[in-house]
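Down below is the structure, laid out as structure tokens.
Please treat every number below as a calculation from the coordinates, not as lab data. Note that the coordinates shown come from a computational prediction; the quantities given were computed from them, not determined experimentally. Here the Cβ is made from the backbone with ideal geometry for all residues, glycine too, and neighbour counts use every protein chain on show.
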Amino acid sequence: MAFSEQTILEAWNRAKGRCECRRSTHNHAIPCNKELVWENRGRETGRGAWEAHHLVSGGGDTLSNCQILCWNCHKLTF
């Protein structure tokens with residue numbers, strides 16, 4: 001499954017360009033709140049690297065199931 005560009009943009013705006021991760025097991029403040037860079041989407045390295053992530057696998061490609069995560073939080077969720 002993949003989010004539409006519109007869904008990702010809406011999630012990005014909701015997140016205000018910051019990581020939305022709220023997992024207490026990731027050793028960060030709750031929420032993570034790391035500042036992200038729009039142009040670094042999908043990159044594993046670089047300042048503000050991030051990805052759109054499904055909250056619930058198989059839950060659909062909707063805004064309510066889309067979370068913006070810094071790359072560190074994204075890779076820890078697998």
Practice problem: In nm, give the distance between the simple-model label positions of residue 22 and residue 2, each being 7 Å from the Cα along the Cα-to-Cβ direction. | Solution: 2.9
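With the Cα gyration tensor of the chain in hand, give its eigenvalues times 5 under a square root as the equivalent ellipsoid semi-axes, listed largest first in whole angstrom.
In descending order the semi-axes read 17, 15, 11 Å.
What number, rounded to the nearest 500 deg cm²/dmol, is the helix-based mean residue ellipticity at 222 nm of the chain, given -39500 (n - 2.57) per DSSP H run of at least four residues and division by all its residues?
Details: 2 runs with 17 residues, N = 78.
Here the helix-only value at 222 nm equals -6000 deg cm²/dmol.
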Exercise. For segment 5-76, build the charge dipole from Cβ charges (+1 Lys, Arg; -1 Asp, Glu) around the Cα centre, then report which of 73, 58, 8 sits farthest towards its positive end.
Key: 73
